[in-house]
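Enquirer: Dropping a structure here in C-alpha cells format, bear with me for questions.
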Amino acid sequence: MSPWRERLTMGIRAAWPICMAYFPIGMAFGVLAQKAGLSVFQTGAMSVVVFAGSSQFIGVSMLSSGASLMAIAVTTFVVNLRHLLMSWSLATHLRKTPTPFLFLFAYGVTDESFAVNTVQFREGNWDRWKALIVNHVANIAWVCSSIAGAVSGQFIPSGFLGIDYAMIAMFIGLLVFQLRGRLYVMTALLSGGLSVAFSLVVPGNSYVIFASLIAATGGYVISRLRSPGGPKHA
Amino acid sequence: MPDAEYFGVILAMGLVTYLPRWMPLFVFSQKAMPGWLVEWLDLIPVAILSALVFPELLTHGAPRTLDILQAKSLVAVPTLLFALRTRSLGGTVVVGMLSFWALGKL
C-alpha cells in the first residue's frame, strides 16, 4: 500500500467512531437551526466556519433571541477556550511542523479529534498527516450531518437505537484508553470529582478548564512526590 | 436577519474559536518545552476527558443537580467494561448506544 493510501485508510478508520457520534448531534443542530429560521446554506456555513458543537447550539439560540454580535462572540470564545489546552497538549506531538500545516490542523482540533489523535500518537505508528485526516474526516461528518438535519427536519426519531448516548460512550472509551497507569487513574478521578463539584456551582462549561488544570497539576505534584527528580512517571 | 449580518456573526464565532485552537500549536511546536511542562501536558488529556464525561454521567438539568443513579450512569458501567476489555472505540460506542436503548425499553 502506498503511504498515502495507508494514511487515508488509518485516518478514516480512527475517525469513524467520531463520525458516528457526530451524526445525531449534527442532525439535532441542523433541526434546531432550521427551527430558528436559518436556511440550509446558513446552517452548513456555520458548521464549516465554526466547527464546534456546543457553541453552535448556543450561537443559534442566542441569534434567535436577538443577542448582539459581541455577546455571541464573547460567549463562543469562553465556551471554546478549552481547545487552548488541547492544542497545547497536541503541540508536544507536532514539533517542528511547518506553519501552513498548523493552519490546516488547528481548524479541526475538537474534543473528539484531540482525544483520538492523542491515543494514536502515543500508541505509535501515527503521524501528523493521519492526525490531519482524522480532523477533516470528522469535520466532513459534522458538516454533512448538520446539513442533513436542516434539510430533513427530524427523520431520525429521538432515542433511536440509543443514538443519544453515542457521544458519552465515545468519551468513556477515549477516557479508558488514556488510563495508562495509576497516576493517570488518580488524575482522572481527581478531575472527575472536581468537575462534577464545579459543574454544580458554576454556570456554563468553564468547569472543564478549571477541573483539568487543577487535576493535571495535582497529578504532576503526586508524580514528583513519588519519585523526586524522576524523569518519567509510571 | 440579513445575510451579511449573519455571516458577520459566524465569522466572528469562527475567529474566536480558531484562535485558541491555533495559537498554542503555533507557539509551542516551534520551540522546545521544558521537561516538567511536557510531563504536566501529558496529564492534560486524561484530565480533560474526565472533566467532560463525569458531569454528563452524574448530574443533569440546567442548572445542574447531582443525580448519581440515572440511566446515563448505569449504562456507563457496561460501556466502561467493554472499553477496558476490548480497547475498541467503535465497539464501545455501539455497546453504549445499544445498552442505553435497551435500558429505555425495560
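Enquirer: May I ask you to work out the translational diffusion coefficient for the stretch A:179-234 at 10 °C, viscosity 1.306 mPa s, via Stokes-Einstein with Rh from the Kirkwood sum over Cα pairs, reported in whole µm²/s?
Expert: Rounded to a whole number, D works out at 134 µm²/s.
Enquirer: Still on this structure: Could you tell me the relative contact order of chain B? Use alpha-carbon pairs under 8 Å, at least six residues apart, and round to a whole percent.
Expert: Result for chain B is 14 percent.
Enquirer: Counting only the heavy atoms of the protein chains, how much of B:Trp101 is accessible to a 1.4 Å probe, in Å² to the nearest 10?
Expert: Result for B:Trp101: roughly 100 Å² accessible.
Enquirer: Taking the Cα centroid of the stretch A:68-126 and of the stretch B:1-29, what is the distance between the two, rounded to the nearest whole Å?
Expert: Between the Cα centres of the stretch A:68-126 and the stretch B:1-29 lies a distance of 13 Å.
Enquirer: Where the eigenvalues come from the Cα gyration tensor of the stretch A:40-186, what are the semi-axes √(5λ) of the equivalent ellipsoid, largest first, in whole Å?
Expert: Semi-axis lengths for the stretch A:40-186 are 28, 20, 16 Å.
Enquirer: Which residues in the stretch A:115-146 place their backbone N less than 18 Å from a point set 7 Å from the Cα of B:Arg87 along the Cα-to-Cβ direction?
Expert: Hits in the stretch A:115-146 for B:Arg87 at 18 Å: A:115-127.
Enquirer: Measuring with a 1.4 Å probe in the full set of protein chains, what accessible area per residue, in whole Å², belongs to the stretch A:179-234?
Expert: 50 Å²
Enquirer: While we're looking at this one, here's another question. Just to make sure I understand: if all protein chains stay in place, what is the order of B:Arg21, A:Arg13 by accessible area at 1.4 Å, largest first?
Expert: Greatest to least solvent exposure: A:Arg13, B:Arg21.
Enquirer: How much of the accessible area of the protein assembly as shown, in percent, comes from carbon and sulfur atoms when a 1.4 Å probe is used?
Expert: Solvent-exposed carbon and sulfur of the protein assembly as shown make up 72 percent of the total.
Enquirer: Right, here's the next one. Between A:Val78 and B:Glu5, what FRET efficiency comes out of the Förster formula 1/(1 + (r/R0)^6) with R0 = 22 Å and r the beta carbon distance, rounded to 0.05?
Expert: 0.50
Enquirer: Rounded to the nearest 100 Å², what is the sum over both chains of accessible area buried where B meets A, with a probe of 1.4 Å?
Expert: 7500 Å²
Enquirer: A further question follows. Accessible area of A:Val40, 1.4 Å probe, to the nearest 10 Å²?
Expert: The value for A:Val40 is about 60 Å².
Enquirer: Between A:Leu38, A:Leu213, A:Leu174, where does the largest GNM mean-square fluctuation fall for chain A, given springs only between Cα atoms within less than 10 Å?
Expert: A:Leu213
Enquirer: Still on this structure: Report, largest value first, the span of the C-alpha coordinates of the stretch B:1-52 along each principal axis, in whole Å.
Expert: Result, largest extent first: 51, 29, 8 Å.
Enquirer: Let me ask another. Highest GNM mean-square fluctuation, chain A, Cα pairs closer than 10 Å: which of A:Phe57, A:Phe114, A:Phe41?
Expert: Maximum among the listed residues: A:Phe41.
Enquirer: Over chain A, calculate the relative contact order: mean separation of alpha carbon pairs under 8 Å at least 6 apart, over the residue count, as a percent.
Expert: Normalised by residue count, the contact order of chain A is 32 percent.
Enquirer: Rank A:Phe77, A:Phe51, A:Phe23 by mean-square fluctuation in a GNM of chain A with C-alpha springs under 10 angstrom and give only the top-ranked residue.
Expert: Answer for the Gaussian network model of chain A: A:Phe77.
Enquirer: Quick one: what does P(r) look like for chain B with 5 Å bins over all Cα pairs, in whole %?
Expert: Here the calculated profile for chain B is 2, 9, 10, 13, 12, 11, 14, 14, 9, 4, 1, 0.
Enquirer: While we're on this one: Using Cα atoms only, what is the angle between the long axis of helix A:111-123 and the major principal axis of chain A, expressed in degrees (0 to 90) to the nearest 10?
Expert: 30 degrees
Enquirer: When the gyration tensor of the protein assembly as shown is built from Cα positions, what are the square roots of 5 times its three eigenvalues, in whole Å, from largest to smallest?
Expert: With the √(5λ) rule applied to the protein assembly as shown, the semi-axes are 30, 24, 21 Å.
The values are calculated or read from the model by the stated rules, or taken from the named source; none is laboratory data. Treat the numbers as computed from the prediction; the structure is a model and nothing was measured. Counting neighbours? That spans all protein chains shown, and the Cβs are built from the backbone with ideal geometry, glycine included. Ligands, DNA and RNA are excluded from the accessible area calculation, which covers all protein heavy atoms including side chains. Shrake-Rupley method; radii C 1.70, N 1.55, O 1.52, S 1.80 Å.
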